[in-house]
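*Asks:* Below you'll find the structure I mean.
Here, each number is a calculation from the coordinates, and none is a lab measurement. A quick note: this is a predicted structure, and the numbers were derived from the prediction, not measured. FYI the Cβ positions are ideal-geometry reconstructions off the backbone, even for glycines, and counts take in every protein chain you see.
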Amino acid sequence: MSSELLAVRGLTRRFGGLIALNNLSFSVQEGEIIGLIGPNGAGKTTAFNAITGTVPPSSGTVHFNGINISGGPPSRVVAAGLARTFQSTSTYPNETVAENVYRGMLSRIAGSAVGLLTGRRNRNLSPTSIPAEIDQILGVTDLQSWRNAAAGSLPYGLQKKLGIAVALATQPRMLLLDEPAAGLNHEECRDLTRLLRRLRDDGLTLLLVEHHMALVMDLCHRIVVLVQGEKIAEGTPEQISQDPAVIEAYLGAPDYAHA
Ligand SMILES: Nc1ncnc2c1ncn2[C@@H]1O[C@H](COP(=O)(O)OP(=O)(O)O)[C@@H](O)[C@H]1O
Ligand SMILES: [Mg+2]
């Protein structure tokens with residue numbers, strides 16, 4: 001874990017008079033799991049959107065693997081190796097699970113030139129390897145038995161896992177997850193933890209926005225805390241869980257009841 005993969009510098013996003021994200025800076029090393037936590041409205045999703053080019057930042061820069069990806073567009077960000085899931089499920093409900101995964105793979109065609117530039121291997125699709133690759137991704141996410149089911153017919157927890165499968169199909173070097181545990185029952189949450197641990201062990205770099213503190217504290221190497229658009233703390237799970245400002249602003253708040 002010595003090379004800086006993601007560098008966020010002074011990232012700011014305004015919506016009219018509201019500063020949703022103010023001057024956020026942090027870095028992520030290759031292979032690291034970073035948690036981004038904070039109360040509702042803190043700017044976590046805005047940070048995600050500004051990093052992945054879904055909304056242009058008002059100011060600040062984002063570098064991924066040394067490439068300036070500030071302001072997107074999202075296709076360029078994905079092609080550089082940075083994939084994301086959405087806070088709500090975002091699959092195509094009438095298409096099968098396998099077809100949804102295939103859509104993720106298709107992003108690599110448009111991105112192949114950038115993929116080559118960034119030195120990534122195996123990003124190009126070969127028609128003969130597509131079914132095997134879909135099988136492999138469904139294997140990792142444990143969705144094999146749902147291969148030909150319509151995505152919309154899956155239980156909610158599996159739809160969220162399918163969102164991760166689609167992101168994995170882009171062959172990312174880093175994955176950003178926006179509240180993957182939200183709405184999951186206990187068993188689904190355990191299942192998700194297993195999957196994220198596996199991705200971590202496979203060397204994937206992760207940025208995790210999550211309210212489920214047990215999950216965050218368990219998985220993350222480092223945590224960044226946002227409150228009202230400002231970074232108020234950054235540190236190891238141990239440091240963050242003992243930080244008085246974090247306890248005051250978030251961990252000790254009445255609506256915090258997820259751990
Ligand atoms: N598209 C938008 N237009 C206007 N305000 C927005 C928009 N998206 C987010 N905001 C505002 O920005 C702030 C941060 O929101 P968000 O990033 O969604 O927070 P979080 O994900 O931490 O709950 C909130 O006050 C929210 O209302
Ligand atoms: Mg959010």
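*Asks:* Which Rg and Dmax, in Å, describe the Cα atoms of segment 27-86?
*Replies:* 11.6, 31
*Asks:* A further question on this structure: I'd like the antiparallel share, as a percent to the nearest 5, of DSSP beta bridges with both residues in the chain.
*Replies:* 55
*Asks:* Among L158, T54, H212, which residue has its Cα furthest toward the positive end of the charge dipole of segment 4-251, with +1 on Lys/Arg Cβ and -1 on Asp/Glu Cβ?
*Replies:* Final value for the positive-end residue is T54.
*Asks:* Quick one: Debye curve from the C-alpha atoms of the chain, no solvent, what's log10 I(q)/I(0) at q = 0.08, 0.15, 0.18 Å⁻¹?
*Replies:* One equal scatterer on each Cα of the chain leads to -0.30, -1.10, -1.51.
*Asks:* Another question, if that's okay. Roughly speaking, what is the stretch gain from R190 to S90, that is 0.36 nm per residue apart minus the C-alpha to C-alpha distance, in nm to one decimal?
*Replies:* 33.8 nm
*Asks:* Amide H to amide H under 5 Å from G31: which residues, 5+ apart in sequence or cross-chain, H placed 1.01 Å off N in plane?
*Replies:* T205
*Asks:* Hey, another quick one. Suppose every Lys and Arg Cβ carries +1 and every Asp and Glu Cβ carries -1, with no other charges. What dipole size does the chain come out with about its Cα centre, to the nearest 20 debye?
*Replies:* Dipole size: approximately 840 debye.
*Asks:* Also, quick follow-up: Once you list every other residue whose beta carbon is under 10 Å from the beta carbon of S25, what net charge do they have if Lys and Arg are +1 and Asp and Glu are -1?
*Replies:* +1
*Asks:* Any chance you could check the Cα centroid distance between segment 186-235 and segment 1-79 for me, in angstrom?
*Replies:* For segment 186-235 versus segment 1-79, the Cα centre distance is 16 Å.
*Asks:* Under a crude label model (7 Å from the Cα following the beta-carbon direction), how far is R197 from T128 in nanometres?
*Replies:* 3.9
*Asks:* May I ask you to compute the full-extension gain from N23 to D218, defined as 0.36 nm times their residue separation minus their alpha-carbon distance, rounded to one decimal in nm?
*Replies:* 67.4 nm is the gain from fully extending N23 to D218.
*Asks:* If you plug each phi of segment 7-20 into the Karplus form 6.51 cos²θ - 1.76 cosθ + 1.60 with θ = phi - 60°, what whole-Hz ³J(HN,Hα) values come out, in order, with x for Gly and Pro?
*Replies:* Using θ = phi - 60°, the values come out as 10, 9, 10, x, 5, 9, 9, 10, 10, x, x, 8, 9, 6 Hz.
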